[in-house]
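Report on one structure; see the data block that follows.
The values are calculated or read from the model by the stated rules, or taken from the named source; none is laboratory data. Quantities reported herein were computed from a predicted structural model and do not represent experimental measurements. When we count neighbours, we look across all protein chains shown, and the Cβ atoms used for this are built from the backbone with ideal geometry, even at glycine. All accessible areas refer to the heavy atoms of the entire protein, side chains included, with ligands and DNA or RNA removed. Shrake-Rupley method; radii C 1.70, N 1.55, O 1.52, S 1.80 Å.
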Amino acid sequence: RQSQRTSAADLKESAAGLIEKLHLRDGRYLKRAAVLAFHPEPEQFVTGAYVKIGYFRTDDDLLYHDEAHGDLFSQVSRTMDLLLTKYLKAGIAYRGIQRVETLPVPEAALREAVLNAIIHKDYASGAPVQISVYPDKLMIWNPGQLPPAWTVAKLTQKHASQPFNPDLANVFFRAGEIEAWGRGIERMYAACREAGSPAPKLTSEESGLWITFPYAPDVVRQTRAAATMGEQTPVETPAETPVETRVTTPDRILAALAANPELTLATLAAMLGKSLSAVERATAKLVKAGKLRFVGPRKGGHWEVLR
């Protein structure tokens, strides 16, 4: 409704009627695209229909990982949430008294890349979309193929829209998530230019397509410094006031839980590079101080940051 890409009359249809209008039936049967887009557990019918994310110190040193399941719309949302709150560390600077946080990959470019991988994946491959995050880059592998006779060079230039999964692309277009003119790659590059980030690199292999986002050198320095400094986050300050601002573990816990209230303490510990016992102690102190509380049952509940 908000995208205004579906008629008001069609939106008044029943769920079955709307599925019909979206051309997601083949006779009396639902198409695979309908199951992928709307079924809460598409993996019951399509093997590998999920996203896998891992944080690597090096290629052979995996620190932690997650998976995003559910319908494809939920997978996009869950993947972006994990990347922004757990896997990507924002560089922090101060302009006067204003705190400025800069992600190593612009959020708009990252969202385009995630949408591209999920929508254009070859779901007959049986393999999940795989996102590998490193201290100096982020890589997305999509087990899909370019159209016949297409090259990476053609993909990065003005080109017609020729989606690998046209029915899925149509659903996401009607929902306002993507454009229908083959501009996703162009928008990804534009977002990186606007943010002053390095341009992504595309590599086409027989097994699929890689999109690599290299981090800017200053971001790499900040990321590595943060990993070695523990609780201290490097901060750029004006030349006339050379001060390093200390961000404590409790502050980082509150910020992480405000962004994602469903985080477990184990996941939170991995995000912050702290031991589970240290995070448990810090969280208990925050609860005692009235700054944090846990709502609901131990399994299925969520955190609430108290202002």
Distant-in-sequence amide H partners of Tyr64 (H built 1.01 Å from N, under 5 Å): Tyr55
Karplus-derived HN-Hα couplings along the stretch 31-45 (A = 6.51, B = -1.76, C = 1.60, θ = phi - 60°), whole Hz, x at Gly and Pro: 6, 4, 4, 5, 5, 5, 6, 10, 6, x, 9, x, 5, 4, 10
Neighbourhood charge, 13 Å Cβ-Cβ cut-off, centred on Phe45 and excluding it, Lys, Arg +1 and Asp, Glu -1: -1
Candidate residues Leu138, Leu202: accessible-area rank, largest first, probe 1.4 Å: Leu202, Leu138
Segment Arg221-Thr248, length gained on full extension (0.36 nm per residue, minus Cα span): 7.7 nm
Spatially proximal aspartates and glutamates relative to Lys288 (Cα-Cα < 16 Å; intrachain offsets below 8 disregarded): Asp251, Glu280, Glu304
Karplus-derived 3J(HN,Hα), 6.51/-1.76/1.60, for each residue of the stretch 75-87, Hz, glycine and proline x: 5, 4, 4, 5, 4, 4, 4, 5, 5, 7, 9, 10, 9
Cross-link partners of Lys21 among aspartates and glutamates (Cα-Cα below 16 Å; sequence separation of 8 or more within a chain): Asp10, Glu13, Asp167
Net charge over other residues, Cβ less than 14 angstrom from the Cβ of Asp10 (K, R count +1; D, E count -1): +3
Protein-only accessible surface order, largest first, of Thr47, Thr267 at 1.4 Å: Thr47, Thr267
Members of Lys86/Lys121; Lys52/Lys137; Lys201/Lys274 lying beyond 21 Å, as alpha-carbon distances in this model show: Lys86/Lys121; Lys201/Lys274
Accessible-area value, Met271, 1.4 Å probe, nucleic acids and ligands omitted, Å²: 10
Exposure rank, largest accessible area first [Trp141, Trp210; 1.4 Å]: Trp210, Trp141
Solvent-accessible area, 1.4 Å probe, carbon plus sulfur percent, for the stretch 263-307: 56
As computed over the stretch 38-80, the Cα convex hull volume per residue (Å³): 71
